[in-house]
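The values are calculated or read from the model by the stated rules, or taken from the named source; none is laboratory data. For clarity, every value in this text was computed on a predicted model and none was experimentally measured. Quick reminder, even Gly has a Cβ in these numbers, built from the backbone with ideal geometry, and neighbours come from all protein chains shown. Calculation scope for accessible area: heavy atoms of the full protein, side chains included, ligands and nucleic acids excluded. Shrake-Rupley method; radii C 1.70, N 1.55, O 1.52, S 1.80 Å.
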Amino acid sequence: MDASLRQDIEDKVAHGERLTYDDGVALYECDDLMWLGSLAHAVRTRLNGDRVMFNVNRHLNLTNVCVASCAYCSFQRKPGEKDAYTMRVEEAVRLASAMVGEGLTELHVVNGLHPTLPWRYYPRVLRELKAALPGVALKCFTATEIHFFEKLSGLPASEVLDELIDAGLESLTGGGAEIFDWEIRQQIVDHDTHWEDWSRIHRLAHSKGLRTPATMLYGHIEQPRHRVDHVLRLRELQDETGGFAVFIPLRYQHDRDGDPRNTLQSRTTMATGAEALKTFAVSRLLFDNVPHVKNFWVMHGLSTAQLSLSFGADDLDGSVVEYKITHDADRFGTPSTMTRDDLCELIRDAGFTPVERNTRYEVIRTYDGPVPLAERRAEPQPVWA
Ligand code: SF4
């Protein structure tokens with residue numbers, strides 16, 4: 001990057017001025033990782049101080065049966081496949097109830113697009129879950145699922161959302177976004193929920209008082225310019241609604257055992273750690289009106305997750321178990337669950353103060369901050385994968 005553009009971007013960041021599409025592309029072309037990190041860290045510190053938020057959550061997938069075959073997805077099964085499953089309502093409640101304990105505050109529920117389950121199943125599951133776990137926030141369904149429910153029920157999204165909210169829905173999930181640019185999207189997404197419907201449904205959710213996450217699946221066949229375009233579309237929608245609580249870059253995952261359902265594997269590799277840090281930094285700089293940037297550590301590994309906290313991220317999700325949509329986490333040497341103590345230690349070890357939050361990003365508890373490195377070196381330290 002030439003010196004004058006570099007100075008121009010530094011000045012904009014220092015004065016809180018908005019970066020352009022061309023700035024975003026130029027930032028991705030820059031290999032001075034520490035410079036990118038220092039700019040993003042300044043913004044992250046201005047917005048969130050030295051806090052790193054986390055929550056105590058669990059993931060539940062009601063069914064892996066899906067009519068779509070998205071190219072990156074090894075979770076989906078077709079009806080009748082031997083390991084296809086669909087939970088009865090009672091089974092979902094029993095499994096979720098077994099997850100309570102250790103101060104669970106959020107249940108994250110996403111599912112395949114099941115061709116024959118009736119629409120009534122979904123509000124019923126929510127009602128039963130809410131009755132069994134009244135203190136747990138239900139963060140459920142991607143915009144893709146809501147769009148699918150419209151077709152299933154014959155109801156407009158507004159009525160679908162009203163019924164789900166009445167049944168206990170507190171937030172949508174941020175999935176289904178992947179990469180919005182059609183040049184890429186048509187090669188990786190195998191359903192008909194694209195930017196127009198994804199943004200329509202989140203806009204509607206925001207108008208009903210829900211705050212939602214937004215995601216981006218990166219590190220596959222897209223180019224950096226597609227990531228810039230993706231974030232700027234979300235930034236524009238955020239200008240309009242202010243309803244996005246957090247932005248979550250998700251790193252595309254290979255399956256180590258070569259699951260044939262993940263057809264992207266023959267065309268691409270995963271983003272490196274450096275590319276991941278750059279993506280966090282540029283996202284933080286471009287998406288200037290979203291309060292938080294989250295690292296879903298299951299997709300990045302714990303060491304990269306720690307480093308990302310100095311590259312724009314200020315939120316770690318979470319004490320997850322059983323994350324299945326894109327990979328089996330254990331095969332990457334990354335644990336499939338972290339306790340509250342593990343998360344606090346991970347955050348402190350990276351030099352930040354852990355803050356437990358709820359689904360609405362309200363503070364539940366602030367924990368002790370980091371101990372200076374010189375003091376910690378006297379003790380054996382945990383090694384994070
Ligand atoms: S990503 Fe979702 S919609 Fe696409 S195939 Fe997988 S489960 Fe189905």
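Looking at the chain, the DSSP beta bridges with both ends there are about 10 percent antiparallel. Using only side-chain charges placed at the Cβ, +1 for Lys and Arg and -1 for Asp and Glu, the dipole size of the chain relative to its Cα centre rounds to 760 debye. For segment 311-317, 3J(HN,Hα) computed residue by residue from phi via the Karplus equation (6.51, -1.76, 1.60; θ = phi - 60°) reads 10, x, 7, 9, 8, 10, 9 Hz, glycine and proline entered as x. Simple point charges give the picture: +1 on the Cβ of Lys and Arg, -1 on the Cβ of Asp and Glu, and for segment 1-153 a dipole about the Cα centre of about 1200 debye. Across the chain, the longest run free of exposed loop sites, meaning GluC sites (Glu not before Pro) lying outside DSSP classes H, G, I, E and B with no more than 13 other Cβ atoms within 10 Å, spans 103-361.
Element breakdown for the chain at a 1.4 angstrom probe: carbon and sulfur atoms account for 51% of the accessible area.
Okay, which of segment 258-275 sit inside 11 Å, backbone N to the point 7 Å along the Cα-Cβ direction of I221? In segment 258-275, the label zone of I221 (backbone N under 11 Å from the point 7 Å along Cα→Cβ) covers 263-268. Net length available on complete extension from D22 to D368 is 120.4 nm, with 0.36 nm assigned per residue and the Cα-Cα distance removed. Taken over the chain, lysine pairs spaced eight or more positions apart, or on distinct chains, with alpha carbons under 22 Å apart number 13.
Applying 0.36 nm per residue to the separation of E275 and E10 and subtracting their alpha-carbon distance, the gain on full extension is 93.3 nm.
Over the chain, the Kirkwood radius and the radius of gyration, each from Cα atoms, give a ratio Rg/Rh of 0.95. Extension gain for the segment R200 to Q187, taken as residue separation times 0.36 nm less the Cα-Cα distance, is 2.5 nm to one decimal. Along the positive direction of the dipole of the chain (beta-carbon charges: Lys, Arg +1; Asp, Glu -1; about the Cα centre), which of Y122, L285, L316 reaches farthest? So the residue we want is Y122. Label reach from S303 (point 7 Å along Cα→C-beta): in segment 266-284, amide nitrogens under 18 Å belong to 270-278. Summing Lys and Arg as +1 and Asp and Glu as -1 over all other residues whose Cβ lies under 13 Å from the Cβ of L152 gives a net charge of -2.
Summed over qualifying helices (DSSP H, 4 residues or more, each -39500 (n - 2.57)) and divided by its residue number, the chain shows a 222 nm mean residue ellipticity of -12000 deg cm²/dmol.
Here the calculated FRET efficiency for L117 and E29, from their Cβ-Cβ distance with R0 = 56 Å, stands at 0.75, rounded to the nearest 0.05. As a length-normalised measure over Cα pairs under 8 Å and 6 or more apart, the relative contact order of the chain settles at 22 percent.
Using the Kirkwood formula over every pair of different C-alpha atoms, what hydrodynamic radius in Å results for segment 7-134? Answer for segment 7-134: a Kirkwood hydrodynamic radius of 19.0 Å.
Taking every C-alpha pair closer than 8 Å and separated by at least 6 residues, the mean separation divided by the residue count of segment 1-112 gives a relative contact order of 28 percent.
Between the listed residues W182, A274, L155, the Cα displaced farthest toward the positive end of the dipole of the chain, a dipole computed from Cβ unit charges relative to the Cα centre, is found at L155. Among the trypsin sites (Lys or Arg not before Pro) in segment 64-103, those placed in a DSSP loop whose Cβ has at most 13 other Cβ atoms within 10 Å are K82, R88.
For segment 108-171, the solvent-accessible area of protein heavy atoms averages 35 Å² per residue (probe radius 1.4 Å; ligands and nucleic acids excluded). What is the calculated FRET efficiency for D342 to D239, with r their C-beta to C-beta distance and R₀ = 45 Å, to the nearest 0.05? Computed FRET efficiency for D342 and D239: 0.75.
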